[in-house]
Amino acid sequence: MSQRSTFPEPGRASADRAPLYTPAERVRRDATVWTLVQGVLAPIQFLVFLISLGLVLRYLLGGEGQAVATWSVVVKTLTLYAIMITGCIWEKVVFGRYLFAPAFFWEDVFSMLVLALHTAYLVALFTGKLEGQALMYLALAAYATYVVNAAQFIWKLRMARLDMARLDKTTSDQQMMRTVSTTGVAA
């Protein structure tokens with residue numbers, strides 16, 4: 001059972017916040033292959049994003065490479081779908097729900113906007129509702145939300161690492177206190 005509230009509070013000070021993972025969640029996170037899958041897909045998606053962003057900007061600034069820029073956004077969107085689907089599976093394994101687990105609630109909320117804009121790009125492309133520059137500006141809007149969302153997840157990774165450091169220090173301090181209390185000598 002989770003030790004967190006069912007609705008997270010954004011912006012709480014780190015000293016006041018509960019750890020990102022309960023001990024049981026940490027064990028599940030470390031044991032599942034989906035953690036590795038996410039760890040592999042995230043940098044791949046970022047690399048695809050950087051390449052596609054360069055191609056989109058090249059087209060918008062110089063008028064060259066519209067087709068390759070257009071399809072690069074499709075590839076980026078497919079990598080987004082892959083990481084979102086596998087991320088939902090990871091969240092289910094670790095937290096017991098596919099989306100909106102309290103530990104990642106706000107990241108998941110913003111991910112919905114990222115998905116909506118990337119999907120709108122595909123719809124606009126395949127229905128012909130947008131073309132050329134308008135389609136690329138939609139891609140840039142989708143990419144801007146992706147960058148914000150990626151920053152949210154990087155921040156969470158940082159918080160998880162700080163939690164582990166805090167846990168390691170607490171465990172070390174407790175071991176030292178036991179040693180002192182049983183032997184009278186600090187380790």
Determine which residues of the stretch 38-77 fall in the zone a paramagnetic label at R161 would reach in this model, i.e. backbone nitrogen under 20 Å from the point 7 Å along Cα→Cβ. 38-47
Can you tell me the FRET efficiency between A141 and V74 if r is taken as the Cβ-Cβ distance and R0 is 22 Å, rounded to the nearest 0.05? 0.85
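Coordinate-derived values only; no laboratory data. Quantities reported herein were computed from a predicted structural model and do not represent experimental measurements. Using ideal geometry, Cβ is built from the backbone for each residue, glycine included, and neighbour counts are taken over all protein chains shown.
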